[in-house]
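For reference, the structure is listed below as structure tokens.
The values are calculated or read from the model by the stated rules, or taken from the named source; none is laboratory data. Quick caveat, the model's predicted, so the values are computed rather than measured. Every residue, glycine as well, gets a Cβ built from its backbone with ideal geometry; the counts of neighbours run over all protein chains shown. Quick note on the areas: whole protein, heavy atoms, side chains included, nothing else; ligands and nucleic acids left out. Shrake-Rupley method; radii C 1.70, N 1.55, O 1.52, S 1.80 Å.
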Number of protein chains: 2
Amino acid sequence: MFAGIEAGGTKFVCCLADDNMKIVERTTIATKTPDYTMSKVFDFFKGKDIEALGVAIFGPIDIDRESDSYGKILNTPKLAWANYNIYKALKNELNVPINIDTDVNGAALCEYYEGHGKGRKSVLYITIGTGIGAGFVMDGQVRNGITHPEMGHILVQSREEDFEGVCPIHKNCLEGMACGESVFARCGVRGDKLGADHEVWDYIGDYVGQALMTYTLILAPDIILIGGGVSRQEQLFEKFKLNFKKYMNGYLSHKRYTQEVDDYIKYPKNGQDAGLIGALYLAKKALDYEK
Amino acid sequence: MFAGIEAGGTKFVCCLADDNMKIVERTTIATKTPDYTMSKVFDFFKGKDIEALGVAIFGPIDIDRESDSYGKILNTPKLAWANYNIYKALKNELNVPINIDTDVNGAALCEYYEGHGKGRKSVLYITIGTGIGAGFVMDGQVRNGITHPEMGHILVQSREEDFEGVCPIHKNCLEGMACGESVFARCGVRGDKLGADHEVWDYIGDYVGQALMTYTLILAPDIILIGGGVSRQEQLFEKFKLNFKKYMNGYLSHKRYTQEVDDYIKYPKNGQDAGLIGALYLAKKALDYEK
């Protein structure tokens, strides 16, 4: 069986699936210290007949297989987890082929194989929530470089004179200007308490539209799927597409970027389990790396 | 033998090379109308023993092999060439496997195999001259999406109140703010007539530094090589690196993006022949697509 872990900031979801990627058993564990959480993860998987394990986890994390610290969680606000090597911990306990990648790359894989990316050449998956992250899959492979992408931190043109952004590292990068926390910083309340016609959505629609253009000009994806709590507001989602078209200004003539924009920029097909299902595809790919 | 064409706005350079990619014969033809230029291209190659042909050409061009218009030059200011299908024209005359890509992807390939990218996982090649373009090669493959990248047109944060950018489509995109023409638009003279301490270089260094961060966060390349007339000024090149570091602000801890920045952002190793040599590698890859 394939084993998958979606490792998030509030919970770890672990599962087992058959060869058709059908989940047959699952459990949810609170994200506390590595000692607490991982001992429960080990308990769940121990004694099971596991062919390979995939982990879709929050970043930043070392995903360079040639590095000695492959699987080490890097500089994260989740302080108990900084410098914890989840690859080594799992390998020691379970001794099966393991493949580790980011949660957003996991979700991108899920959409590529089982979602709106099916039959498409490539999928860019973006989540806009507490933070902003993205994963990219092309021809069935997660497209990391020498590190995983950190696309949420690209710079955007500000449209506000009185707001400098909330990113502690870059201030007015995309995440600093368009994540959920930025809404709270401007308005003092969460986005779901604001009306659909609040001007903050015009700003966020603008910044995300700029980013969609940047991603398109650099990666030329076949489809972009946007999930996460902030993007769930439909009036905002329309602004993403309108601003993408406005900024592109007809520059690339490919039909995906012109007459098919409503099919190019969409909500994901898979909901909460996208990262977990992606972890199972990561497990399958682990067999290519480790026998 | 492998045949290569570097097709530029002022000249087409054609060559033949042996199996070690050593150029054994070459010619230069002025870029006039397709009729004029291509008839001379055909004359050069006809009767030669050609295994495959690679073409590194100005864009935009359809590089989707599954499209009916593969090899068609798209909306270009070189009006005589708009809608000309260079793939079909060459295929009709020479009937060998052909592979067409952009000039910057050709230069990236050349650097990957014979330049500073040798032994590296991926190469991002950027040219900053009359316009701004970039090509990306990873694991020996040109990384196009459903179109070739147009990375010169990403948006950047403006630092000037009295200059709106020269891009006819996006105004203040990177190309609009940092290409050679933007220097002329600001100062009324070409960049090589300005002192090394002119403030325009501070602006251009800033915009390019922003773009280097954006490319890094999205592609995570192993090395970035910057060519083109504008970048040749060494004091400006230093500003690219300084601004990259300033904007990254230590965000990614990978050594390539921190202590190794002087080796991460460099001039290309290959000079004027980079595109032509890249065309030869494109020719070699044509054998994977067409037998």
Quiz item: Of the conditions (1) of a type in the set (A, V, I, L, M); (2) over 20 Å from residue B:118 (Cβ atoms); (3) facing chain A (nearest Cβ under 10 Å), residue B:189 fails just one. Which one is it?
Solution: (3)
Quiz item: What are the residue pairs meeting all of these: first residue in region B:241-260, first residue at the interface with chain A (Cβ under 7 Å from one of its Cβ atoms) and closer than 19 Å to residue A:149 by Cβ, second residue part of a helix (DSSP H, G or I) and open to solvent by 30 Å² or more (accessible area, probe 1.4 Å), Cβ atoms under 8 Å, and 6 or more apart or on different chains?
Solution: B:256/B:263
Exercise. State whether one or more residues within region B:135-142 are out of contact with any Leu (no Cβ under 6 Å at 6 or more places or on another chain), within 19 Å of residue B:175 (Cβ to Cβ) and either within 14 Å of chain A (Cβ to nearest Cβ) or modelled with pLDDT under 95 (or both).
Key: yes
Self-check item: Selection from region A:164-197 of residues that are assigned to a loop (DSSP other than H, G, I, E, B), without any contact (Cβ under 8 Å) to a residue 24 or more places away in the chain and at negative phi
Solution: A:164, A:166, A:168, A:169, A:170, A:172, A:189, A:190, A:194, A:195
Quiz item: Which of the residues that make up region A:198-231 are more than 11 Å from chain B (Cβ to nearest Cβ) and free of Cβ contacts under 8 Å to residues at least 12 places away in the same chain?
Solution: A:198, A:199
Self-check item: residue A:260 vs. criteria of a type outside the set (A, V, I, L, M), open to solvent by 10 Å² or more (accessible area, probe 1.4 Å), touching a helix residue (DSSP H, G or I) at 6+ places or on another chain (Cβ under 8 Å) and modelled with pLDDT of 95 or more
Solution: no
Self-check item: residue A:251, sole failed condition from (1) out of contact with any strand residue (DSSP E or B) (no Cβ under 7 Å at 6 or more places or on another chain); (2) closer than 22 Å to residue A:162 by Cα
Solution: (2)
Practice problem: Would you be able to say whether some residue in region B:129-140 is closer than 17 Å to residue B:274 by Cα, in a loop (DSSP other than H, G, I, E, B), open to solvent by 10 Å² or more (accessible area, probe 1.4 Å) and not acidic (Asp, Glu)? | Solution: yes
Quiz item: Counting only residues that are open to solvent by 40 Å² or more (accessible area, probe 1.4 Å) and polar (S, T, N, Q), how many does region A:65-97 have?
Solution: 4
Quiz item: Within region A:53-87, which residues are among the hydroxyl-bearing types (Ser, Thr, Tyr) and more than 18 Å from the chain's Cα centre (by Cα)?
Solution: A:67, A:69, A:70, A:84, A:87
